[in-house]
There are 2 protein chains.
Amino acid sequence: MSRVYNFSAGPSMLPLEVLEKAAAEMTEYGSTGQSVMEMSHRSKEYQAIIDNAEALVRELMHVPDNYTVLFLQGGASSQFAAIPMNLGTKSGKADYIITGQWAKKAAQEAERYIKVNKVASSADKTFSYIPETNKSMFDPDADYCYICYNNTIYGTHYTEKKIPDTDAVLVADISSCVMAEEIDINKFGILYAGAQKNLGPAGVTLVIVRNDLIGDTLEGTPTMFKYSIHRDNGSMYNTPPTYGIYMLGLVLRWIKDKGGVKELQKINEKKAKILYDFLDSSEMFKGTVVPEDRSLMNIPFVTGDEELDAKFVAEAKAAGFINIKGHRTVGGMRASIYNAMPIEGVEALVEFMKKFEAENK
Amino acid sequence: MSRVYNFSAGPSMLPLEVLEKAAAEMTEYGSTGQSVMEMSHRSKEYQAIIDNAEALVRELMHVPDNYTVLFLQGGASSQFAAIPMNLGTKSGKADYIITGQWAKKAAQEAERYIKVNKVASSADKTFSYIPETNKSMFDPDADYCYICYNNTIYGTHYTEKKIPDTDAVLVADISSCVMAEEIDINKFGILYAGAQKNLGPAGVTLVIVRNDLIGDTLEGTPTMFKYSIHRDNGSMYNTPPTYGIYMLGLVLRWIKDKGGVKELQKINEKKAKILYDFLDSSEMFKGTVVPEDRSLMNIPFVTGDEELDAKFVAEAKAAGFINIKGHRTVGGMRASIYNAMPIEGVEALVEFMKKFEAENK
């Protein structure tokens, strides 16, 4: 038995070194005589763990001092409500760009609380591109403008030039690209990410929010959805997901040891290029996304023949490449190659695809 | 270095065997070639893990078929809002009994959504008892009646005869006594518990809800707070806290191997008796709760002298009895002796207390 290459969209691969460290510390963390899982969140030992996680977020993402870093529960789906509840207090209007299922769900939830203006959508072509926008399309009174920075399901990704040119506060879901590439925090009011792709286990949501945006909330906002409550209590208003935050800290330490986000981005670009170059040269496998909007993290591809797709997925699994089946709305295959996927994993996948192509043409 | 006796109120001790199994499986779970933390929640391997956890909850707690078992995020603090949002849809009124800080917080959050009738309170004596009630005190139109079954901070506990005699649906926070004693589920409409005391790591909330209570919600209820959404999606509407649920499954397996809740209750009664008997005989240490309402799980005690309390806490810590300091609202000490605290831990603590008393009289 040996470890597989796991191309899951999330939860997803974690660095083996991180898992080994977690295993070694499971029954006794340092000289505390207890597992991190058993620690009181009010103990100084645990305070050091959460402080370390926050410090690493700040260092690795170059988070400016006028932003608050929160570790919350409830995933992106909770943020879909928390964002309008915390930001939609002035005009009660927001702009959304619909680039996939998650942006759509975010907009649907927001519509329950505020007026949502769907500025643009790429639904016409199964979300295979990022729509162009220009300043005139945005509501100057909007409380914020929402984008999904990297679309896990469809494999599209914002580049600098398509970031909305709006005066409103920008909010971005960066769940599937956080710490995989450099992002200029200053452009955004809120950036948030579920941990289970690039940061650690499921059950922790990283929320980075500019301080001046934390304040009033819509009436009826549950206390647990108020950013102010979590800021005032250092993410410990109630018991946080203590072990998940510890794991996140271990992953961030690994990122730092690898040279930080800048170095990982170079590796991620190399990994993605290996797969995209092959897709662009293959007679059998084709990428589904327009080249200029391709994600570094999530790479969907198809053969154009559903039976052949299914055969590929089954043979890939047997060969140790798991979770490579595409999302049902796109079909075919998808390789999610987050930070923890080594370059060898992508190379091995491409070799396997070449072999499959040769055997099945 | 060796493991300490951890008397934390939560997160708290876990069985060493469980931690050892988690460590052994950390890098490769069974023959899957991956950590549970890395598993797609949509994989059949993970489905088996969450199904097993639910089956064990049903078996160990004798959950009737007309109840739904949910694994949610956000802790009890999220349930404080979710309960009125899901149940307060008919009369928009509920009865609360205020037996401590958590019941009070639950009532405060509920008041933001519905009319709350505070039926009784034990605030007059620092929540050191469970108030008596009778049927005439309850609102026959209330959508539900809320109690905190075991009060972690104050060490009080409901017994059969004090359970509210109301026709309304009973809702109970059982965070600090779940699976530590037998509870007749049929008496309740909703029972819920944060996992971090008796069930596993922080970040998972077990909610057991009678099927007929799942339906409409108050307007503005976030999708993530709707029980119907989580029921319809088998607790996987969004990515659940996958590793926490796995750990909970390991703890429940351990409970089953120990003979189930009935057997653990016997051990818990024995453990509590050892400590209460000593408190009742000591010249120095006194329990703070009236005998008839004493908790099996959380045992606060004081010397009556703050300096002596502090000295005891410091010396206890040095001797490997950690997190024994009482909550600031009660002062003194508190020993939380959940399922995972072995009888030897309680015996050793009492021996230490005797020695301290002899040395400091």
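Okay, here's what the table says:
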quantity	calculated
Every pair of residues 6+ apart whose Cβ atoms lie under 6 Å, when the first sits in region B:188-213 and is at negative phi and within 14 Å of chain A (Cβ to nearest Cβ) while the second is polar (S, T, N, Q) and part of a helix (DSSP H, G or I)	B:192/B:79; B:202/A:242
Positions within region A:272-308 being within 26 Å of the chain's Cα centre (by Cα) and assigned to a helix (DSSP H, G or I), in sequence order	A:272, A:273, A:274, A:275, A:276, A:277, A:278, A:279, A:280, A:291, A:292, A:293
Some residue of region B:43-59 being in contact (Cβ under 8 Å) with a residue 24 or more places away in the chain, facing chain A (nearest Cβ under 9 Å) and buried (at least 21 other Cβ atoms within 10 Å of the Cβ)	yes
Matching entry among A:358, A:316, A:335 (being loosely packed, with under 15 Cβ neighbours inside 10 Å and over 22 Å from residue A:183 (Cβ atoms))	A:358
Residue, surrounded by the fewest Cβ atoms within 10 Å (Cβ to Cβ), within region B:3-35, restricted to residues that are more than 7 Å from chain A (Cβ to nearest Cβ) and in a helix (DSSP H, G or I)	B:24
Matching entry among A:164, A:140 (being buried (at least 19 other Cβ atoms within 10 Å of the Cβ) and either in contact (Cβ under 8 Å) with a residue 12 or more places away in the chain or aliphatic (A, V, I, L, M) (or both))	A:164
Those strands (runs of 3 or more DSSP E) lying entirely in region B:38-143 with at least 2 residues touching a strand residue (DSSP E or B) at 6+ places or on another chain (Cβ under 6 Å) and within 22 Å of residue B:223 (Cβ to Cβ)	B:67-72
Residue B:322 vs. criteria exposed (fewer than 15 other Cβ atoms within 10 Å of the Cβ), in contact (Cβ under 8 Å) with a residue 12 or more places away in the chain, outside the structural domain of residue B:193 (by TED's automatic domain parsing) and under 20 Å from residue B:14 (Cα atoms)	no
Single match in A:278, A:301, A:285 (criterion: modelled with pLDDT of 95 or more and either surrounded by fewer than 24 Cβ atoms within 10 Å (Cβ to Cβ) or within 14 Å of chain B (Cβ to nearest Cβ) (or both))	A:278
Odd one out for residue B:268 among (1) of a type outside the set (Gly, Ala, Ser); (2) out of contact with any helix residue (DSSP H, G or I) (no Cβ under 8 Å at 6 or more places or on another chain); (3) in contact (Cβ under 8 Å) with a residue 60 or more places away in the chain; (4) not in a helix (DSSP H, G or I)	(4)
Count of region B:104-136 residues which are more than 22 Å from residue B:332 (Cα to Cα) and not charged (D, E, K, R)	15
Complete set of residues in region A:190-241 that are under 23 Å from residue A:168 (Cβ atoms), of a type in the set (A, V, I, L, M) and not in a helix (DSSP H, G or I)	A:190, A:191, A:193, A:206, A:207, A:208, A:209, A:214, A:218
Residue match in region B:230-241 (condition: at the interface with chain A (Cβ under 7 Å from one of its Cβ atoms), more than 25 Å from residue B:176 (Cα to Cα), surrounded by 19 or more Cβ atoms within 10 Å (Cβ to Cβ) and touching a residue at least 40 places away in the same chain (Cβ under 8 Å))	yes
Flag if residue A:290 is farther than 27 Å from residue A:19 by Cα, surrounded by fewer than 20 Cβ atoms within 10 Å (Cβ to Cβ) and not charged (D, E, K, R)	yes
Members of region B:86-101 found to be surrounded by fewer than 24 Cβ atoms within 10 Å (Cβ to Cβ) and either within 14 Å of another protein chain (Cβ to nearest Cβ) or of a type in the set (Lys, Arg) (or both), listed by number	B:88, B:90, B:92, B:93, B:101
Sole residue being more than 21 Å from residue A:196 (Cα to Cα), aliphatic (A, V, I, L, M), touching a residue at least 12 places away in the same chain (Cβ under 8 Å) and within 14 Å of chain B (Cβ to nearest Cβ), chosen from A:106, A:123, A:110	A:110
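The values are calculated or read from the model by the stated rules, or taken from the named source; none is laboratory data. Note that the structure is predicted; figures quoted are calculated from it, not measured. Ideal geometry is used to build each Cβ from the backbone, glycine not excepted, and the neighbour counts take in all protein chains shown.
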